[in-house]
Each structure stands twice: as C-alpha cells, then as structure tokens.
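Only one structure is covered here, and it is reproduced in the block below.
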Amino acid sequence: MSTLQRDPRDRVRVLDDDGRVVDGAEVPDLDDDSLVEMYRQMRLARHFDERAVSLQRQGRMGTYPPLSGQEGAQVGSAAALSEDDWIVPSYREHGAAYVRGLGLDETLRYWMGDERGNELEGLRIFPVAVPIASQIPHATGAAWASKLQGNDEAFLCYFGDGATSEGDFHEGSRPRRRWPRRPTLTASRGSRSTGWIRSRSTRSPGRPSRRPEAAGDPTTAPVGRPGRR
C-alpha cells in the first residue's frame, strides 16, 4: 500500500524496539549498502549534534537548535527523495541537509553567525527558516510553480509540532482542490522542547495529523509525524 493511501492516523512501523521486523510489516526494498549508508548518516548526525551542543554550551557558538531524536526521520525522508526533489527545512534539519549535499561544516558556519553557511547554490535545499511555520507556504507555492512549469519534482517540507499552531500551517496545507500538486508536509515531535505544550494549544485530539479537525477542515492534505527515535 502506498503511504499516500494510508489513514494519517495509522501508525507505520517496520522494526520493534529490539530491531526485529514487526509481523506483517512492509520491509523497504533497500540493499545492504543503502541501509548501511543511511545508518552511517544517522550516527554521524547524532555525533555532530552532540559536538555542536557542546560548543554552544561552552559559549563557542551563540545559537544551535539540536536535532537529537530526529535522525531517523530526517535521514530516512531525505534518502527517499530523487535527485531533482527539494527539501524545505525549518531550523533543525541538519541531518536532512547533509543527506542532500550540504556539508556539516557549512551548517556550523551558519550557526556561528556566518551567512555564507547558508549559500546553497547547486543544492535543492531551501534556506533555513527560523520563524515558526513560515516555510510551509513557501513549499506550497514552490510545488505549485513547479507544476505550472511542467517539472517532475517533489517538495518535502519539515516543521515541528508548534508550527501547527500558526496560521502559516493552515494556509500552506490547505491548497484548493483544483491544485493537483501539494508539498509533502513532515511534522516532527517537539513536545516541551521549546515551551510548546500540545494540550494547551489545540482542541484537536491526538497527533498533529488530526490538527485540521480543530479548524473544521476535512480537505487538508495528510500530515505525517515521524517518531522521535
């Protein structure tokens, strides 16, 4: 079954907590080399994150948004894209950007205050978006423009739970039915990490994929939330 055919409220899982294949799971058709490379990228992303957090705590860099716990969601989603596809990040997608060709040294350069680290010439990566949810309408507009130009491209937009409280989320995720192409929206769990408490910010029950119900919007494209680990 295609992911697009699933109910966004259904949980999709391949491995259990001990790394064994879950009964009835659809195992991705990936060779050993691809799996090992994805694991290497996840381990590198975690190691990079730990070192960057240490630098920030030492006062050697002013700001750094950690990605710990999102390695699998970032690396896995970015690895599924084709060469012509785009990612539209928020500010934590260091792992996804690395998979798409941005060196980790450039990520450090940017968060140490050098804007040259955000030069993305030749890469299909949108610039870092620090304002919460502002990248979602950008992804929607880019996807529609690509369709008008007759291009065969996907646009993968990342954001956190807190972004679903912003108008940009609802505006960007509610393209009209006559729009045949929409961006893929990927929400990662933030919980209390940045002061956002789900129970105080919505009347919609459960996960962010059900968030449009609070606005009475049955036409919103599904939103998936990868697990933290």
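Quick note: the coordinates plus some simple rules give every number you see, no bench work behind them. Quick caveat, the model's predicted, so the values are computed rather than measured. Backbone-built Cβ (ideal geometry, glycine too); neighbour counts: all protein chains shown.
Averaging the inverse of every distinct alpha carbon separation and then flipping it gives the Kirkwood radius. What is it for the range 1-136, in angstrom units? The partial results should precede the final answer.
Numbers: mean 1/r = 0.0604 Å⁻¹.
Here the Kirkwood hydrodynamic radius works out to 16.6 Å.
Sorting check: for 71-78, 59-66, 99-106, 20-27, which peptide has the highest mean count of neighbouring beta carbons within 10 Å, and how do the rest follow?
Values: 71-78: 22.4, 59-66: 13.4, 99-106: 17.2, 20-27: 9.8.
With the highest mean Cβ count within 10 Å placed first, the list reads 71-78, 99-106, 59-66, 20-27.
Give, rounded to the nearest 20 debye, the magnitude of the charge dipole that the range 16-91 has about its Cα centre when Lys and Arg contribute +1 at Cβ and Asp and Glu contribute -1 at Cβ. Write out the running numbers ahead of the final one.
Values: 7 positive and 16 negative charges, 188 e Å.
Computed about the Cα centre, the dipole is about 900 debye.
Within 10 Å, count the other beta carbons around each residue, average over each peptide in 159-169, 86-96, 124-134, 141-151, and list them highest first.
On the way: 159-169: 22.5, 86-96: 25.1, 124-134: 17.5, 141-151: 14.1.
Packing order, densest peptide first, comes out as 86-96, 159-169, 124-134, 141-151.
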